[in-house]
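Taken together, the values in this text are just the output of simple stated rules run on the coordinates, not laboratory data. Small disclaimer: the values here were computed from a predicted structure and weren't measured. As a convention, Cβ positions derive from the backbone with ideal geometry for all residues, glycine included, and neighbour counts pool all protein chains shown.
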Amino acid sequence: MESDSLQARFFTKEEEFSLPEDPVSLELDVTPEQLSLLINELLGRQGDTSVDFGFLIRDNIVHSTLREHLQEHEISAETLVEIEYIEKCPSPEPVDSLLHEDWVSGIHCATVGSRQLILSGSYDSSVTVWSVSGKKLISLSGHAGPVKAVRWVHSDERYASFVSTSHDETAKLWLWDHQKNQIESVITCKGHQRSVDCVDVDLSNNRFATAGFDNVVKIWSTSTEATELDLKKDSEPKKSKLEQRLLTRTPLVSLANHTEAVTGLRFTTPSEMITCAMDCTMKVWDIAVGGFTNNLLGSKPFLDLSYSALNNLVLSANADRHVRLWDTRSKEGSVVKSNFTSHTGWVSSVCWSPSIENQFISASYDNILKLWDLRSAKAPLYDMEGHEDKILCCDWSLEELMVSGAADNKLKIFRHANPTSKSKPLGSS
Amino acid sequence: MTGAKKSAKKALQRSKTPGELGGKSKNTSEKKAIQGKSKIQKAAPKPLFEEDDSDASSVLEDSEDPTSSEDDGAGDEADSSELEFESDADSGKEELDQGDIIEDKEKNEENGGPEAEKPEEELEDDGVSMTFWRADEEDFNLKSKVDLKKNKKKEPLEMSPQDRDVKPNGKRSASPRPSASKDEYEFDSSDEEDLRNTIGNVPIEWYDNYPHLGYDVNGRRVYKPVREDQLDYFLKKMDDPTFWRTVKDRMTGQNVVLSEADMDLINRLEKGKNPDPNMESYPKFEDLYSHEVMIHPLTARPEAKRSFIPSLHEKALVGRMVHLIKSGVYAKCWKPKKEEGPRYYNLWTEDEDPSLIRRLRSFIPAPKMKLPGHEESYNPPEEYLFTPEEEAEWHNQDPEERKLNFIPRKYSSLRQVPGYSGFVQERFERCLDLYLCPRQRKMRMNVNPDDLIPELPKPKDLHPFPAFCSVVYKGHTDHVRSVSMENLGQFFASGSDDCSVRIWETLTGRCFNTIQFEAPVKWVQWCPNPAIALLAVASGPYVHFVNPGVGDKVVLTNTDVILESLPESEGSAKGSGEWSVVTDEDLRKQGHRLRVHHKFDVAQVSWHAKGDYLAVLYGSASTTSLIIHQLSLRRSQNPFSKFNSVISRVIFHPTRPHLFVATQTVVRVYNLVKQELQKKLLTNCKYVSSIAVHPKGDNVIAGSFEARLSWFDMDLSTKPYKAMKYHDSAIRAVTFHRKYPLFASASDDGTVIVAHGMVYSDLLQNPLIVPVKVLRGHRRTNDLGVLDCTFHPTQPWIVSAGADATLRLYT
């Protein structure tokens, strides 16, 4: 006969909410909400001061009643169960929806100067800079094909630079005077033979890498000045100041080893980069050497990847319903640490939280953006609905902003109000 | 010298000196005879000894030798004859007895008693030969005397082991066994044997009332011996150890003590053994005709002369055969005899009739009677009782059809159960069943229907294959008729009845480009040549060559350059297409580059793997024509001057210069180099709708409007290796994957069925075909479901074009 109660001990890592560590007898049918109320009562918090708590048993977030959770994880109710309680992540609030002319395919946020700006690329070949409040600062249409990815590169008091890649087989490095809100120079990076689908800037902001359907990863200099790599068009007469600063750049390095389209690319350390491709492989490259040091075999074509410096883990979005967590350094066992399954369509994009090591978001073709916690593989923390078509990209570069771009021409901003979060300047993540 | 020769020599010596008796050599027949003579000579002058002996015997034992006195009376002749006989018979024994004596002497010496030596000495004193001769005659009497003399020194039976051996050579055995030597007959004949009584063969009882027993040779009476009284008889019985073996010879009336040898003989006869103890029952067999081949012939007879000279008869025979052979008659009738090898038979087989054995061994017990159930109970549960409807039905049924042959009834007690009227009948039928019904053991196989299905690998083991609809491509406004993938798979083109071709990005579902045409697009196919980006679009009577405007920029510009630089069309075959360059700027912007006009609406186009030749099928429903365009020369040619049947599909072989032409029922394979029909694949279908060739080129699938899919292994036969009918409705398109062992068929039932079709490079292994997934999603529109499908070139994905104006990507 199964008993209806269990002995539990609450503990927390946050001193603010600490309680005496005495065992408590709990009914098994209690839900996390009721537990939260209980903790609040024990803490003596009522009304406005009350806090929503989340509960973890052995590093798994409790979503259902304790009984179901214990059964699912095969934990005996006979023994003393230690329940950790943490301040629950508040639900993200939809902030704004920015309408584009066409599908939003690339997104990146950064703090430029004092402002938090959103950079978006669209299928109408334009790159747009938005303020968080939804104001379109500048829209650039230099590409001849749909923009697939965008990335802030660098910013200082006056200038900010960003890179965009496109179906027109080029990546463009833009130098933007954000004070005057005008483009100072555009450097067109030519070398790819197919659409360029992904881009990332290395940690020192000196180089960026692009890759796409020509299976080659190319690394370029982020210098906005003319370098020896740039081709000059001498024949053309000087037209305007801007035209003068139209430069064409060739890659520093080409890394070709993938056999199919490279779809994701992230720098992990100053000299290391991870790429993922449609050939179901994920490769860890040593940029200094110019070869790959690790080849991880997946089962499905990759669509995106994200790397977190906080826990050194890699998330991958595949052409199926799962988000996979990889530990590229693990030598034993499976490199795939866990699967996060809740989406019903392809996961098109994933992004780690910049500050919370357990959380990430994933965007999917099922029109839903999901906020996940590593400790809960079966169910996400929150579903962020609102998009009416496939979500193509997402970004969480700023702690409080989760943004997603979709095929419904909308860019949605969700605010993640993490009470413990502290703002960090751009480039430090 | 061998022992035998030695003895023979000695015997010869003895025959020269007949007096010598002390010789220790073994007895021979010659010697016996000689000894016999010597005995006679010696015996004749000394009858006294005999008398003495008989006296002694009479003194010692009253009735010991009754004949001795009579012998005296009988006269010399009789004596002599007897003596002769005796001497002859015991001739061998004498010697042995001598040896015996020597042995005895030795024994006596061993015993060392001087008294014991005395009788021996006496005997020796009396004369060795005579003593023994007499002893021979009286045989046992002497021994008994000796025994008595020696008294308790030795047991008489122990004393005469030699006697026992010798005895058969004595009186009795001498007569039945004529001696081997010739001389023996001179002195001894069986006629003379024991003729003391000559009454002949008359019953001796006749003489019971007479004092005599009979008559001797001379006619004198032979008197009965004195009858001993009961006291004597008793004393003898008590005293004489030989009493038990003393018998009375009725012919002579004398007591005869049977010797050990006699006893032995009697025992042997009783036991049914050979009377002669020396007779070897199982002598060692020496094979005269042994396997050893002797070098000398058995006979010394010389060979006959005729064995050396050729036979005249054979010569004639050979001559006749030669004649026959020459005349040819012999060859006709002569057949070489079949060489009969050794015949074998199974020694251990059972000779019995196998059917009999089978019947005996496989005894089939009588079927058991069904045990009574609840319904047979006198008080069955309610549910077993018939409702009125059931009862009515029971009555309506034939007795044969009834499940129960009675109606269950309920009684309150067993006492009230009436007699069962059908009992006797039932028993009778049961008996009939038992005794009349032939019983047969039926080998019924308990076959699970699932076991009959060939074991196929489970679909989950055959990953990867498309399973889920991942992307839906929306944009067309009418049936999407055709879909074709770009080489890399980043884009694909679809042609629709809304007169447009759309270029889609595979991953995102983005429509990149829309190209408008004047007529519904029937077919679109991407040029397989990776160096150019070109779409062949069949729309109306035209085949359009369209630059899709996606992909590598360099390739796009190259394509345009190549198309511009193409030579003007020249010398096309009569009745074939008219080439024209699109000059209209709007159309050029859309991508139109070239177009070829045909007489009728184009139904299908098919690129050659190199991307230069394009087979075009045009015509109406009843007449079709095939034409092959060469892009690089802008030339068209008509491979078939006349093609009788209606062509439904045409396709190039991926590697070889072959052309597959699917008519309504047959797929013809033409060799374009040799310009001949290479093969004819019989589909067993009435309307072939589509064909596809395996990338390796040896397997073809053909889908038909009767929803039948046929897989041909061209190495195996022209008939389908496998025919599958898993669609509910007409198959519209079939396709192979370029990389994975997959093929798919799109049908009007709105499904695409993906199957695993592994072709092994090992020619001995037949292709493995396993349907793995039914892909649903398309909605049926105007009775049309999925009109086309194509695999992604590198991923296990498939794009289907539906009549519901959408395309779907399944991954």
statement: Over 20 Å (Cα to Cα) among A:K190/B:K553; B:K599/B:K686; A:K172/A:K218; B:K610/B:K739; B:K610/B:K680 -> B:K599/B:K686; B:K610/B:K680
- prompt: Any idea how far the Cα center of the range A:316-391 sits from the one of the range B:425-456, in Å?
  reply: 63
- prompt: Around A:V199, what is the net charge, scoring Lys/Arg as +1 and Asp/Glu as -1 over all other residues with Cβ under 13 Å from its Cβ?
  reply: +1
query: If you keep only loop residues by DSSP, which trypsin sites (Lys or Arg not before Pro) in the range A:1-66 have at most 10 other Cβ atoms within 10 Å of their Cβ?
result: A:K13
field: Average partner coverage of B:464-472, which counts Cβ from other chains inside 10 Å
entry: 3
- prompt: Tell me, how many Å apart are the Cα centres for the range B:627-666 and for the range A:128-150?
  reply: 51
task: Output the peptides B:339-348, B:525-534 sorted from most to least packed, where packing is the average of other Cβ atoms within 10 Å over each peptide's residues.
output: B:525-534, B:339-348
message: If you take every residue apart from A:V163 with its C-beta less than 10 Å away from the C-beta of A:V163, what net charge results, scoring Lys and Arg +1 and Asp and Glu -1?
response: +1
statement: GNM on chain A, Cα springs under 10 Å; top mean-square fluctuation among A:G191, A:G145, A:G291 goes to A:G291
- request: Determine the percent antiparallel among the DSSP beta bridges restricted to the range A:5-87, to the nearest 5.
  value: 75
field: For the range B:642-773, alpha-carbon Rg over 2.2 N^0.38 Å
entry: 0.98
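Quick check: from the Cα gyration tensor, does the range B:386-450 come out rounded (a/c under 1.5), prolate or oblate?
It comes out oblate by the Cα gyration axes.
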- prompt: If Lys and Arg each add +1 and Asp and Glu each add -1, what is the summed charge of the other residues whose beta carbon sits under 11 Å from the beta carbon of B:P654?
  reply: +3
message: Distance cut-off 30 Å, Cα to Cα: go down the list A:K300/A:K378; B:K589/B:K773; A:K412/B:K773; B:K368/B:K410; B:K522/B:K642 and report the pairs above it.
response: B:K589/B:K773; A:K412/B:K773
statement: Tilt, helix A:32-43 to longest principal axis of chain A (alpha-carbon atoms), in degrees rounded to tens, equals 70
query: Comparing A:G264, A:G44, A:G298, which has the greatest mean-square fluctuation in the GNM of chain A with Cα pairs linked when under 10 Å apart?
result: A:G44
message: Compute the distance from the alpha-carbon center of the range A:196-213 to that of the range B:331-372, in whole Å.
response: 88
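Give the shape of chain A as rounded, prolate or oblate, defined through the alpha-carbon gyration tensor: a ≥ b ≥ c are the square roots of its eigenvalues, a/c under 1.5 means rounded, and otherwise the shape is prolate if a/b is larger than b/c and oblate if not. Don't skip to the end; give the middle numbers.
Values: a/c = 2.46, a/b = 1.87, b/c = 1.32.
The shape class here is prolate.
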statement: Highest mean packing first, using Cβ neighbours within 10 angstrom, the peptides B:366-375, B:490-499, A:48-57 sort as B:490-499, A:48-57, B:366-375
- line: Of the convex hull enclosing the alpha-carbon atoms of the range B:229-375, the direction-averaged projected area in nm² is 38.2
- request: Between A:V199, A:V104, A:V253, find the one with the highest GNM mean-square fluctuation for chain A; connect C-alpha pairs within less than 10 Å.
  value: A:V253
message: Just to check I understand the Karplus step: with θ = phi - 60° and J = 6.51 cos²θ - 1.76 cosθ + 1.60, what whole-Hz values come out for the range A:385-393, glycine and proline as x?
response: 9, x, 6, 10, 8, 3, 7, 9, 8
message: I want the antiparallel fraction of DSSP beta bridges within chain A, as a percent rounded to 5.
response: 95
